[in-house]
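Presented below is the structure to which this report refers.
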Amino acid sequence: MAAPAAAKRKSPDRTKLFWIALAAPGIIWLILLFIVPFYAVLAIAMGQLNRLFESPIPAWNPLHWSSSNVINVTHDIVGATSFAGPIVIRTLVYVAIASLLSLVIAYPAAYFVARFAGRRKGLFLILLIAPFWISYMMRMLAWVDLLQTNGYVNKALSFLHLTSQPVNWLGGKPVTVILGLVYGYIPYLILVLYAGLDRIDPALIEAGRDLGLGRVRTFVRVTLPMSRQPILTGLLITVLPMIGDYYTNQLMSGAAKTSMIGNLIEGQLGTPGLQGQGAVLSMLLLLVLLVPMIYYVVATNRSSREAM
């Protein structure tokens with residue numbers, strides 16, 4: 001009797017060790033590629049500035065942290081001589097418009113593939129995944145080529161007699177930056193929405209029709225509420241990189257009047273003497289991004305409890 005009891009005591013320990021060993025590579029990866037870089041940025045943000053060489057001095061010991069960079073960034077955002085405040089507002093406006101446009105375009109596309117593609121669903125899925133086979137930089141460069149003064153967009157507008165002369169789309173137009181954000185991140189949203197819409201049980205939609213609801217009312221009362229979680233997930237995946245994006249604006253405009261918070265951070269990190277303020281802005285951006293991430297986790301847990 002003693003041997004089986006001892007075996008039962010050892011079994012949970014072995015199971016625990018197995019799961020620890022299975023999670024160890026991910027934990028090490030997280031420590032090396034997130035926690036360590038995160039603390040390095042924090043040390044630079046809370047450090048001092050070498051006035052002679054205009055280089056940051058990291059403060060690895062929290063007891064030696066300084067708030068000078070934080071104060072300077074606060075004045076840049078909300079002070080009387082602030083210049084970063086309008087950039088932050090502009091970024092939020094661009095991201096809000098781009099995410100709304102992406103949702104308006106992506107939802108019908110994902111809904112069509114999930115509900116009406118039929119035997120051609122595999123073909124449409126390949127077409128949806130195809131943009132991921134091409135790097136983001138190459139897709140943006142292709143978009144730049146289309147929008148040049150002698151590009152196909154201006155040629156099409158001239159052919160249709162919509163413009164009398166070529167439009168300088170790459171000369172600092174907000175609409176170009178917004179469309180670039182939509183073009184760059186909409187594939188992620190379409191795939192997430194498709195995955196969520198495809199999991200909706202068709203019997204539920206048929207039940208709504210049997211109860212006397214028309215197509216529109218069935219969509220509003222059944223399909224749309226059940227796709228709320230995929231919409232939230234897809235927007236989270238697209239909005240988070242949009243807020244920190246700097247490359248799209250750099251390619252599509254490059255003008256100061258369309259600069260976003262990512263461009264400001266990139267410029268400060270590359271300017272001698274301003275690396276500490278750039279690190280503070282990076283930390284503030286991370287804190288802002290944590291808000292929708294926490295909301296997503298809470299909403300997901302609430303939906304899981306309601307489903308149970």
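The values are calculated or read from the model by the stated rules, or taken from the named source; none is laboratory data. All values derive from a computational prediction rather than experimental measurement. All Cβ positions, even for glycine, are placed from backbone atoms using ideal geometry, and neighbour counts span all protein chains on display. With ligands, DNA and RNA removed, areas are computed over all heavy atoms of the protein, side chains included. Shrake-Rupley method; radii C 1.70, N 1.55, O 1.52, S 1.80 Å.
Observations on the structure shown:
- Subset of the stretch 37-57 (residues that are part of a loop (DSSP other than H, G, I, E, B) and under 20 Å from L286 (Cα atoms)): M46, G47
- Residues (open to solvent by 60 Å² or more (accessible area, probe 1.4 Å) and assigned to a helix (DSSP H, G or I)) located in the stretch 132-173: F132, W133, M137, M138, L141, D145, L146, Y152, K155, F159
- Extreme residue, modelled with the highest pLDDT, among residues of the stretch 259-291 that are among the small types (G, A, S) and not in a helix (DSSP H, G or I): S259
- The set of residues in the stretch 98-121 that are assigned to a helix (DSSP H, G or I), without any contact (Cβ under 8 Å) to a residue 60 or more places away in the chain and either open to solvent by less than 40 Å² (accessible area, probe 1.4 Å) or within 13 Å of L197 (Cβ to Cβ) (or both) comprises P108, F112, F116, K121.
- Every pair of residues 6+ apart whose Cβ atoms lie under 7 Å, when the first sits in the stretch 142-155 and is within 18 Å of Y183 (Cα to Cα) and at pLDDT below 90 while the second is loosely packed, with under 13 Cβ neighbours inside 10 Å and of a type in the set (D, E): G151/D145
- Residue pairs whose Cβ atoms lie under 6 Å apart, sitting 6 or more positions apart in sequence or on different chains, and linking a residue in the stretch 55-81 that is in contact (Cβ under 8 Å) with a residue 24 or more places away in the chain to a partner that is assigned to a loop (DSSP other than H, G, I, E, B) and surrounded by 13 or more Cβ atoms within 10 Å (Cβ to Cβ), are P56/G47; D76/S82.
- Residue pairs whose Cβ atoms lie under 6 Å apart, separated by 6 or more positions or on different chains, with the first residue in the stretch 265-276 and in contact (Cβ under 8 Å) with a residue 40 or more places away in the chain and the second open to solvent by 60 Å² or more (accessible area, probe 1.4 Å) and in a helix (DSSP H, G or I), are Q275/L269.
- Only residues that are surrounded by 13 or more Cβ atoms within 10 Å (Cβ to Cβ) and over 22 Å from T233 (Cα atoms) were counted in the stretch 206-220, giving 6.
- Test: residue in the stretch 26-34 that is under 20 Å from L269 (Cβ atoms) and more than 27 Å from the chain's Cα centre (by Cα): no
- Qualifying position, being part of a helix (DSSP H, G or I) and modelled with pLDDT of 90 or more, among W60, W29, W19: W29
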